[in-house]
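Structure record follows, encoded as structure tokens.
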There are 2 protein chains.
Amino acid sequence: MATLGDIGVSAVINIVTAFAFLLAFALLRIQPINDRVYFPKWYLTGARASPRHSANLVANFVNLNFNTYLTFLNWMPQTLRMKEPQIIDHAGLDSAAFLRIYILGLKIFGPTAIVAFLVLIPVNASGGMLFFLSRDLVISDIDKLSISNVQPKSPKFFAHIFMMYLFTFWACYMLYKEYDVVASMRLNFLALKSRRAEQFTVLVRNVPHVPGNSVSDTVKCFFKKNHSTHYLCHQTGLLGLWGEKLDSIEYYQQKIKELDEKLTMEHQKILKDPKRIMSAAFVSFNSRWGAAVCAQTQQSKNPILWLTDWAPEPRDVYWKNLAIPFISLSIRKLVISLAVFALVFFYIIPITFVQSLANLEGLERVVPFLRPILEWSFIKSFLQGFLPGLALKVFLWLLPGILMTMSKIEGHVAFSVLERSTAAKYYFFMLVNVFLGSIVAGTAIQQLHSFLHQSPTQIPRTIGVSIPMKATFFITYIMVDGWAGMAGEILRLKPLIMFHLKNTLMVKTERDRLKAMNPKSIDFPEAIPSLQLYFLMGAVYAVVTPILLPFILIFFAFAYFVYRHQVINVYNQRYESAAAFWPHVHHRIIASLLISQLLLLGLLSTKKAANSTPLLVVLPILTVTFHKFCKSRFEPAFRKYPLEEAVEKDTQDEVSEPVNDMKSYLCEAYLHPVLRSIEEFELFELGVDNNRAHIPSQVATELEPVSGSGSGSHSPKEENKVAPKRQDLEVVVEQHDKT
Amino acid sequence: MATLGDIGVSAVINIVTAFAFLLAFALLRIQPINDRVYFPKWYLTGARASPRHSANLVANFVNLNFNTYLTFLNWMPQTLRMKEPQIIDHAGLDSAAFLRIYILGLKIFGPTAIVAFLVLIPVNASGGMLFFLSRDLVISDIDKLSISNVQPKSPKFFAHIFMMYLFTFWACYMLYKEYDVVASMRLNFLALKSRRAEQFTVLVRNVPHVPGNSVSDTVKCFFKKNHSTHYLCHQTGLLGLWGEKLDSIEYYQQKIKELDEKLTMEHQKILKDPKRIMSAAFVSFNSRWGAAVCAQTQQSKNPILWLTDWAPEPRDVYWKNLAIPFISLSIRKLVISLAVFALVFFYIIPITFVQSLANLEGLERVVPFLRPILEWSFIKSFLQGFLPGLALKVFLWLLPGILMTMSKIEGHVAFSVLERSTAAKYYFFMLVNVFLGSIVAGTAIQQLHSFLHQSPTQIPRTIGVSIPMKATFFITYIMVDGWAGMAGEILRLKPLIMFHLKNTLMVKTERDRLKAMNPKSIDFPEAIPSLQLYFLMGAVYAVVTPILLPFILIFFAFAYFVYRHQVINVYNQRYESAAAFWPHVHHRIIASLLISQLLLLGLLSTKKAANSTPLLVVLPILTVTFHKFCKSRFEPAFRKYPLEEAVEKDTQDEVSEPVNDMKSYLCEAYLHPVLRSIEEFELFELGVDNNRAHIPSQVATELEPVSGSGSGSHSPKEENKVAPKRQDLEVVVEQHDKT
């Protein structure tokens, strides 16, 4: 067990690492040659472009303006300059809501830390339980400040219970306020959006097969009948058979044209082939009201036919899953939930098996001719140190991909839903294998075994009693995974190397460069669960070992800083779900509160403070009630579209910007990627918002680029100039692309 | 423990009792004086009326037609003569679906019993485990035919596992088919119904208070805006302040008129008093489509305002709960679920307390002057035998009422929902205190305590191991509660006595007699949970002690017989929910299957047949999947109204029977009882379908009265004459009432 001194050493090492990363970042980002790595978002919005070859060749690659080196740390205040509404305009509501999670962490744990330090640390320190044990190796100095230092049966435990109540109420209050804010941000965001295809469109699945009729006719007939005054048109997708994906970098304009013609012929073939028609359709309506009504009601007598739901954004659609029949979906869900359970609890079995194979003897048997080399002592010791951990590392590296594949098999129809589903699975894995695994110090299988054979009251006791002992471990975890990890995030070492490799070896046209630069989206499926583990740690240790809280607070603050920078300058979201992940974030923080309450209950029962049990049992009941209330109060804002809102927006549109030809516009919005031209397809793959997806409106959203980066010298526009309007930006990118 | 002989004696006693009841019933029912007790339904439908005073005075009271005595048992085949569609016309879909539960029991357990007798009884009997113990008092003869007779580790257990699989698949198959049939019966029933107010009406709750506007104006404004083309009118109810309920039996026509005028003035006062206006409204639409859309969509940005749902039938509305605000509802639900939990597990505490007071010493202390009397040995022994059980009996007698009160506090808005909610609570009570309580042989508190301190794998083992030993107890239970209980149900001893008492002492007018006769509805909150306990017993014992199955089968068949008679001749349903309880019935049978699987798993694990565990673990997973599938496949038919159906019915109506003045009709359908005239109010209280509640259609539903009761002599219509059409019948009753 670590002493306070050990923690200090670890802290110094991690702080130095983090600062080294930050310094490297600060130096690398002001080199023009790295500009596309650290500011790709601005290239995509069109605020920056490649330099017109400057007179000074070196200046294209290295920053020669030495003044900027003197102010190399000024990126930090700069990231805070952009206000939230501007971030929403610039990067979307998803990114803005994501940043709010970190602020929520600061809001919940900041005041908690202060109160805990004022109340609990004196109470714990005066406990004296561990003073006579202090030389013992098993007990760390940190434990003197934790609940372990309080003697059994002490009335002091009421301070802890009181603190738990205070913390729960405070956390719930903040959660409520935040949910309220995010929900109204979402409604505002949707309301302010210009007319967009997804507001008028409903995804219909499980269209029944009517003999003698094409799917298209069946859809038309059904909706003409049942939504007579509102039905406008529909698009029927194609069976999940994609056109050839072409590595088109080497093709010249001429060749592309030829190919486009061939593709068009292919499209015709596909359109004529009845086997490739999906039993799903995007049905568009002439008003938001009509679409809202259709999305929320049951259409058919047989409730597993004609399933309707809001259409995702065109760029968010995961086409391959549109045509899965209902029964297949049920079976897929069952199979995948069993698979996830098996993965979480038994993943260690195949890994141990692979490890038992991947040792030196195994290698020598498979490749006997290498034996002389393998026997060299240097190679031998390297392999012996390296091989056993390899399987586990490879598995953890592959895990997000495996979980994403599972989510795809489950049959979700939008990337945003796929990512949320993957995040939920990843959180479950982390909860069992990282959090509980670290506390109980056993594999998940052992945990499962002991949970099945222990009484429900024994389990929180078993876990609770070892919580205070693991505080130092989690402090180290926060510093390595949180602090140093965030510094690594901002450094973008891997994209940096990849971009320069691609740029040197493969890039021939400006479009190639755009593709090499592709900044991707924030990795929600990994970022959100990892982040929520900190909420869990904070909730569990807030009362038990409050000394852990400052470390978490530093993480939240630093991560907020880093991600704010990344959201503004780097990431380009593939889709916009308007903060649809917030209910999940909220639920998992509530779950953390419940876990912390149960574990405190278990811990106190080992401290013979049994008479406090009734007091603590009330807390989970209240928390669950709060959860249910929030669910009914706020969740509909994330799942449904109120008719009041739809009518308001419809009326407003009619007055302010009447559009005559809704039909021709809407009927092309949801085009299967196979049917798009190559250029469109590439833009689509890049996640660049297709111009067709919304009817140009006159709502100007002014963007202010973050000024003051050292690379201003080659920006085509002056830094203080107001950036062009959004829809124009997209046109810019598109034109840009075609040159 | 009972031997087979003991069971035989018990069976003989119960069969004799049941036959005595049946004989008494057969004799009593053919006496003209009892006609209103045993055939009230026909009086309400108008097919029978009081005799015009016959020449022979005695013949009015005693059946003098001695021929009918010779055929006094012929009521049995008669009850089977009415076909299901006729029962639906005559008594409603609720009653018809209720009868189907018994048939479902026969379908599930009939073939199961045959296979179990052919396969399991030989396997068990050849086990030989108990032969050397047979003289032991602990083991009964029945156990020789049960799983207890199989030796540990025997491969014969695979026969039981195979049987469990077979039973589960068979039960699920029957459940699926039955759900399918009932769901389509429901849709057909709703589709065939003539135009009725509830099809066009939506209940809106939590109408926000807009300062300066009345609730009525707010509602009008909101729906004119958001459902412009479909909104028709609305009625705003009154705060739960009922008008004086008047025992009007002694009033003559004149007085009633006077009172009516006074009431009208009261109504005016109430209508003008803003404090008595509810924040809830019944909003009517000009088409079913419009109402279906409004009921299924979210109206307001704030999802806890403007809550819409289908309006219950006018006679099904529970007016007092209409105006409960959303937050209050959440709190009520929490409080009531805690209260139900406490009631189920801790009800024994206050009862023991009351018992400790209600003994002889206590009585002597309270009423010291009675001491001499209490000391008499006869009175003393009577009281000592009687008092201790009294508290428990009073509690069990009060229990359904207590649970109904709890459901009312929970805030449901329709009697049908109140009854379903009460039934769920009652089932939970029976499951814990009757079923588990009998098996584990301890109070619920002791169970709770041991469940909290045992591991999750230990609990099914503890229960499972004592299941075979309790078979004889449950056989006796089935005979007493099921067989004799059903014979008591058909005898209607209490209503018989009550009717004759009232008829002799209080009845002055024909209307009084109608009220004295009031047959009430089937007692769903008690009948359905009690019945489902038999499904649970059957599922649990099907594999363990199959000898129990014939007893259950006899119960199902006999009860089907009895209730069919009662549905046709006695009960008059207060409301019609179109089999809305079926999902609950289905879920609870699925729960029974799961319980039986877990208990078999526990039982086998004590038999050291651990290698069979994986085989049995698969079964609950499959059952849960089946449950989920059924839920999504069929439950929407019970919760929502598909637009396809609404459009179909709307179009059909437009062609076949156009109604011009929908508005004036719909705007009076949902009138608060306070605002009705006394006569209407009494009809309403009786549950007689108010003529206003549906627009007369021309769909003739012909009713065939059950012929052949001995009382034909005084029926105003000849038995073979076709009864008048339904809507006319109601008019008949109404006119009848006014004379």
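Could you tell me whether any residue of segment A:461-476 is within 14 Å of another protein chain (Cβ to nearest Cβ) and closer than 25 Å to A:Ile349 by Cβ? The answer is yes; a qualifying residue exists.
The set of residues in segment A:410-454 being in contact with a Phe, Trp or Tyr (Cβ under 7 Å, 6 or more places away or on another chain), away from chain B (no Cβ under 14 Å) and modelled with pLDDT under 75 consists of A:Ala444, A:Ile445. Residue count for segment B:548-597 under the criterion of being open to solvent by less than 30 Å² (accessible area, probe 1.4 Å), over 18 Å from B:Leu531 (Cβ atoms) and among the hydrophobic types (A, V, I, L, M, F, W, C): the result is 2.
The condition (being over 27 Å from B:Gln298 (Cα atoms) and at pLDDT 80 or above) is satisfied by just one residue among A:Arg332, A:Arg371, A:Arg365: A:Arg332. Total residues in segment B:319-329 satisfying the condition of being at pLDDT 85 or above and open to solvent by 30 Å² or more (accessible area, probe 1.4 Å): the figure is 1. Taken as a whole, the structure places A:Leu338 among residues that are farther than 30 Å from A:Glu644 by Cα, within 8 Å of chain B (Cβ to nearest Cβ), under 24 Å from the mean Cα position of the chain (by Cα) and open to solvent by 40 Å² or more (accessible area, probe 1.4 Å).
Inside segment A:466-514, residues that are within 18 Å of A:Leu145 (Cβ to Cβ) and open to solvent by 40 Å² or more (accessible area, probe 1.4 Å) make up a count of 4. Scanning segment A:598-612 for residues that are in contact (Cβ under 8 Å) with a residue 12 or more places away in the chain and either surrounded by fewer than 16 Cβ atoms within 10 Å (Cβ to Cβ) or away from chain B (no Cβ under 14 Å) (or both) yields A:Leu599, A:Leu600, A:Leu603, A:Leu604, A:Thr606, A:Lys607, A:Lys608, A:Ala609, A:Ser612.
Residues checked against (1) touching a strand residue (DSSP E or B) at 6+ places or on another chain (Cβ under 6 Å); (2) assigned to a helix (DSSP H, G or I); (3) among the aliphatic types (A, V, I, L, M):
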residue	(1), (2), (3)
A:Thr504	no, yes, no
A:Leu514	no, yes, yes
A:Pro519	no, no, no
A:Ser530	no, yes, no
A:Gly538	no, yes, no
A:Leu553	no, yes, yes
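Scanning segment B:621-644 for residues that are at the interface with chain A (Cβ under 7 Å from one of its Cβ atoms) and either open to solvent by 40 Å² or more (accessible area, probe 1.4 Å) or more than 21 Å from the chain's Cα centre (by Cα) (or both) yields a count of 10. With respect to the stated conditions, B:Ala18 is among the aliphatic types (A, V, I, L, M), surrounded by 20 or more Cβ atoms within 10 Å (Cβ to Cβ) and at pLDDT 80 or above. No other residue among B:Ala49, B:Ala11, B:Ala113 is modelled with pLDDT of 85 or more and in contact with a helix residue (DSSP H, G or I) (Cβ under 8 Å, 6 or more places away or on another chain) apart from B:Ala113. Taking the criterion of being small (Gly, Ala, Ser) and without any contact (Cβ under 8 Å) to a residue 60 or more places away in the chain, the only residue of segment B:140-183 that qualifies is B:Ala159. Checked against (1) modelled with pLDDT under 85; (2) buried (at least 19 other Cβ atoms within 10 Å of the Cβ); (3) in a helix (DSSP H, G or I), B:Leu615 passes all but a single condition, namely (2). If we keep just the residues of segment B:188-215 that are surrounded by fewer than 17 Cβ atoms within 10 Å (Cβ to Cβ) and under 24 Å from B:Gln298 (Cα atoms), which is nearest to the other protein chains (Cβ to nearest Cβ)? Here the answer is B:Pro208. Within segment B:291-335, the residues that satisfy the criterion of being among the aromatic types (Phe, Trp, Tyr) and either within 14 Å of chain A (Cβ to nearest Cβ) or more than 26 Å from the chain's Cα centre (by Cα) (or both) are B:Trp306, B:Trp310, B:Phe326.
The values are calculated or read from the model by the stated rules, or taken from the named source; none is laboratory data. These numbers were taken from a predicted model, which means no experiment stands behind them. Ideal geometry is used to build each Cβ from the backbone, glycine not excepted, and the neighbour counts take in all protein chains shown. Just so you know, the surface numbers come from the protein's heavy atoms only, side chains and all, with ligands and any DNA or RNA stripped out. Shrake-Rupley method; radii C 1.70, N 1.55, O 1.52, S 1.80 Å.
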